[in-house]
Amino acid sequence: MRTLTTGIKRSFIVLIFLFPFSTARAQENTGIDLDKTKLQLQRDREKIFIEALQLSVSQAAVFHPIYVKFNNEKKKLDEELLSLFVNYATNYKHLDVKMMTAFIGQSEKYQQKELGVRKKYYKLLNEAISVEVGSQFYEVDDFISTNLRINILAGLPFTGAITRNQNTN
């Protein structure tokens, strides 16, 4: 698990610094190409799965086409997650009850979609390869997703600051 943690930290650390900015400003101000960063995220995710699952050649042959479909769905979810948090960070100084309610609702919908994708591919891998591989896949995806969210959240201002800021004005 230490290898997974190191790989994830290396993969996602750049993303933390992008969230205080809008997507366009992040690219301008940091010199980081957001599209390249997203591509690197996809590559690193694949490497983490390969290292963690340690599939035989025959298992890998079955896994790869399933993973390609999974990865396509994950790309869409990554875009949604990034958009959600960029929107939050961009509008942070203007957050109100309506915006926070919408943000929480969108976050819940995202998490439900993400869980649905994880369950779908667990089932596919369980049936196509084995319960062990399906379970490992589920665990690794959960680990990666949780770490991504933690890294993103660590780079965002905490909503408690809204109340403190409103009380001081």
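The table for this structure:
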read-out: Failed condition for residue 105, given (1) buried (at least 17 other Cβ atoms within 10 Å of the Cβ); (2) under 14 Å from residue 80 (Cα atoms); (3) of a type outside the set (Val, Ile, Thr); value: (1)
read-out: Helices (runs of 4 or more DSSP H) contained entirely in region 19-133, each with at least 3 residues that are in contact with a Leu (Cβ under 7 Å, 6 or more places away or on another chain) and modelled with pLDDT of 90 or more; value: 97-128
read-out: Within region 134-158, considering residues that are assigned to a loop (DSSP other than H, G, I, E, B) and hydrophobic (A, V, I, L, M, F, W, C), the one surrounded by the fewest Cβ atoms within 10 Å (Cβ to Cβ); value: 158
read-out: Residue match in region 89-104 (condition: closer than 30 Å to residue 133 by Cα and among the charged types (D, E, K, R)); value: no
read-out: Qualifying residue in region 45-59 (condition: over 16 Å from residue 142 (Cβ atoms), hydrophobic (A, V, I, L, M, F, W, C), touching a residue at least 24 places away in the same chain (Cβ under 8 Å) and buried (at least 17 other Cβ atoms within 10 Å of the Cβ)); value: yes
read-out: Qualifying residues in region 84-101 (those that are without any contact (Cβ under 8 Å) to a residue 40 or more places away in the chain and surrounded by 13 or more Cβ atoms within 10 Å (Cβ to Cβ)) - the one nearest to residue 53 (Cα to Cα); value: 84
read-out: Complete set of residues in region 91-139 that are of a type in the set (Val, Ile, Thr) and either under 15 Å from residue 69 (Cα atoms) or in contact with an Asp or Glu (Cβ under 9 Å, 6 or more places away or on another chain) (or both); value: 117
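The values are calculated or read from the model by the stated rules, or taken from the named source; none is laboratory data. On a predicted model such as this, the values are computed, not experimentally measured, just so you know. With ideal geometry, Cβ positions are generated from the backbone for all residues, glycine too; neighbour counts draw on all protein chains shown.
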